[in-house]
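Right, one structure below, let's go through it.
Read the figures in this text as sums done on the coordinates, not as results from a lab. Everything quoted here is computed from the prediction, not taken from an experiment. No Cβ is skipped: glycine too gets one built from the backbone with ideal geometry, and neighbour counts run over all protein chains shown.
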C-alpha cells in the first residue's frame, strides 16, 4: 500500500512539473528550464536549481526548443505569438496560430513569455543622484523614474526626471520634465505614436510647457544589438511663464530620431533628438536633445550619466535660448 501511495505521489509531481525549454550552445553545452524573455540581445532563463535567473547572450545559442508561448518580434517589425523549435540547419521554426514558418536566429529581436500574465510585460526603473560642494554651499539632487508596457500590438511608456540645485547668493534651480507616450505597431516596422511631454524649468522661466504630439514613425534598423528609428508629425504646445508674459498656445511640426545601442557588454547608450519648427509662430525653432550612458551592475543595479539640452530661438523675455543638464546617478531596474 505504501509503495502504491509513493508511486501515485511521484506521478502527480511529474504531471505538475512545468514544461521544459531547452537551449543548446555553440560550445556543445545544454541547459533545460524556462525561457522567460529575450531583450536587447540577452536571454533571461530560469532553472529549478538556481536562486536567480541566468542571463545568456543570444549569439551564443545554437539551438532552441520551447513549449512556452511567447510574444515574438522580428527584425522586419512583425509581431507574432507562438512557440519555437530548432531545425537541423540551425534555423528557428515559429509555431503560431497561423501555421509554422522558419526564420534565422538573428531575425528574432524580442521574446516575452505570455504565460506569466500582464506583469511580465511591464518594466520599470528608478535612479537618484546627489552632490554637495563646500564652495558656495552647493547642493544638488537629481532623480528619475520610468515605467512601461510592451505588448503584441502596442506599448506605453511614462518617465519623469527632476533636478533641484541650491547655492549661496544664487536663486535655486528647479527643473522637472517627463513624458507619457504610446505606440501602435504597424506592419513592416512602421508605428503610430502619441505623446504628451511636459517641462517646468526655472532657468528658462517656464512654469509649465505641455507638448502634445501625434505622428508616424519607422525603424530604420531593428536588431538584437541596436535600433534606430525616425518619426514626424504635428504638435500642440501650451506654455505658461514665470516671467509675467501671458500664456500662449501654438502649433508646431516635429521631426525626431532615436538611437539605442544596448549590446556593448555591460554598457548601453541611448540618444534622442527632436526638432520643432513653428507653424503658427513663424520663424520659431526648438530642439530637445537627450543622451544617457548606462553601466550595468549586479542584481539589476546600474550607474548612469546623462546629458540633456533644450534650445529655443524665441524664449520668453529674460530667458536664455539654451539650457542644459549634466547628471549622474545610481539606479535599479525591474
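Based on a Kirkwood Rh over C-alpha pairs, give the Stokes-Einstein translational diffusion coefficient of the chain at 37 °C and viscosity 0.692 mPa s in µm²/s. In µm²/s, the coefficient is 144.
The length gained by stretching the chain between residue 269 and residue 328 to full extension, at 0.36 nm per residue less their Cα-Cα distance, is 19.8 nm.
Each of 37, 144 was scored by other Cβ atoms within 10 Å of its Cβ. Arranged with the fewest first, they read 37, 144.
Sorted ascending by nearby beta carbons within 10 Å, beginning with the fewest, 258, 59 become 59, 258. Globularity index of the stretch 131-173 is 1.89 (Cα radius of gyration / 2.2 N^0.38 Å, N = number of residues).
Measuring nothing but how far apart in sequence close Cα pairs (under 8 Å, 6+ apart) lie, relative to its length, the chain scores a relative contact order of 10 percent.
With a simple spin-label model that places each label point 7 Å from the Cα along the Cα-to-Cβ direction, the separation between residue 190 and residue 57 comes to 3.8 nm. From the largest down, the stretch 258-334 spans 50, 24, 19 angstrom on the principal axes of its Cα atoms. Tell me, what is the percent relative contact order of the stretch 228-315, built from C-alpha pairs under 8 Å that lie six or more residues apart? Relative contact order of the stretch 228-315: 21 percent.
Here the extension length gained between residue 246 and residue 314 equals 23.0 nm, from 0.36 nm per residue of separation less the Cα-Cα distance.
A crude spin-label estimate for the pair residue 139 and residue 295, with each label 7 Å from Cα along the Cβ direction, gives 2.8 nm.
Relative to the longest principal axis of the Cα atoms of the chain, the long axis of helix 2-15 lies at roughly 40 degrees. Taking the stretch 194-334, how much of its Cα-Cα pair set, in percent, is spaced more than 18 angstrom apart? More than 18 Å apart: 63 percent of the Cα pairs in the stretch 194-334.
Among 304, 104, sorting on how many other beta-carbon atoms sit within 10 Å of each Cβ, with the fewest leading, yields 104, 304. What the Cα convex hull of the stretch 37-82 gives, in volume per residue, is 99 Å³.
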